[in-house]
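The values are calculated or read from the model by the stated rules, or taken from the named source; none is laboratory data. Note that the structure is predicted; figures quoted are calculated from it, not measured. Cβ: placed from backbone, ideal geometry, glycine included. Neighbour counts: every protein chain shown.
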Amino acid sequence: MTPHPPLRIDAEKGEDVLVFDPDAANEAEQTILGGLKTKSVDVVVTKRNIGPVIGISVKGTLNAFRNLTNRMEEAAGDATNLHIVYPGLVCGFFHILKANRAGTPGLSINDVAIGSDGTVVPSIARYHDVSLGLTGRLLVRNELSKYEAVSLAMIDPVAGLHGHLSQSFPSAETVLRAEHFFPALLKRYDLRFPYVAPSMRNLLRRSWSANSPAITAIGSADKWISSVGYAPRIAQSD
């Protein structure tokens, strides 16, 4: 994985043991060969003998929300560029927006994200609707311009040092909410790779030994969910 977290994998008795290791961390960014140009991707997972299998692009928009249409054109072009060479690549696009509110002193009208009535401005609403058409790519034969997963997140800057994630936008009904992003990506990965290539199960698996120190240090699945929002996948005994 690039950038790499402070973790390493030790192979023990046919299982992957996840170990906390600060020396393993790095902040590198990987460049992927596209069909039209090379592309530096924020997060890349690469498998030996296969190539890149997951790529995640993260964007942030703090103002000038009228230009979001250009962002979507860029996003569609990036997905096409990468899928031309790697049609099996599971691509994700995560876009963070700043919830600038109408009436904030010194804020330009074009930089407003939340209107005086508490709803998002029309340009962001349209961007959400267009984004729906770019998510959900399932099979390698599907159109190249779509992503396997797309999410929007709006951060309210007035809540604490780092703000907080808005619960009102995107709405609870949309697939673009942040909590759907990684489950969608990993589901596509499972369908694209391990489940269709059982002979390569050991190379493609994404489960960890129950004895992994990096997992047991946090504790039960409930503690994982409460602290980081998900539970790790534990290998099942044969």
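Worth pointing out:
- Filter result for the condition that a residue is at pLDDT 90 or above, among the aliphatic types (A, V, I, L, M), surrounded by fewer than 13 Cβ atoms within 10 Å (Cβ to Cβ) and within 30 Å of Val45 (Cα to Cα), over Val140, Val130: Val140
- Near pairs, Cβ below 6 angstrom, 6+ apart or cross-chain, from the range 138-149 (assigned by TED's automatic domain parsing to the domain that holds Asn81 and closer than 15 Å to His180 by Cα) to any residue that is aromatic (Phe, Trp, Tyr) and crowded, with 19+ Cβ neighbours inside 10 Å: Tyr147/Phe93; Ala149/Phe181
- Among residues of the range 41-71 being basic (Lys, Arg) and not in a strand (DSSP E or B), the one that is surrounded by the most Cβ atoms within 10 Å (Cβ to Cβ) is Arg71.
- Ala125 vs. criteria of a type in the set (Gly, Ala, Ser), surrounded by fewer than 17 Cβ atoms within 10 Å (Cβ to Cβ), outside any loop (DSSP other than H, G, I, E, B) and free of Cβ contacts under 8 Å to residues at least 12 places away in the same chain: yes
- Test result for Leu152, surrounded by 14 or more Cβ atoms within 10 Å (Cβ to Cβ), part of a loop (DSSP other than H, G, I, E, B) and in contact with a strand residue (DSSP E or B) (Cβ under 7 Å, 6 or more places away or on another chain): no
- Filter pass, Asp117 being assigned to a helix (DSSP H, G or I), surrounded by fewer than 12 Cβ atoms within 10 Å (Cβ to Cβ) and free of Cβ contacts under 8 Å to residues at least 60 places away in the same chain: no
- Within the range 72-84, the set of residues being surrounded by fewer than 15 Cβ atoms within 10 Å (Cβ to Cβ) and in contact with a strand residue (DSSP E or B) (Cβ under 9 Å, 6 or more places away or on another chain) comprises just one member, Glu74.
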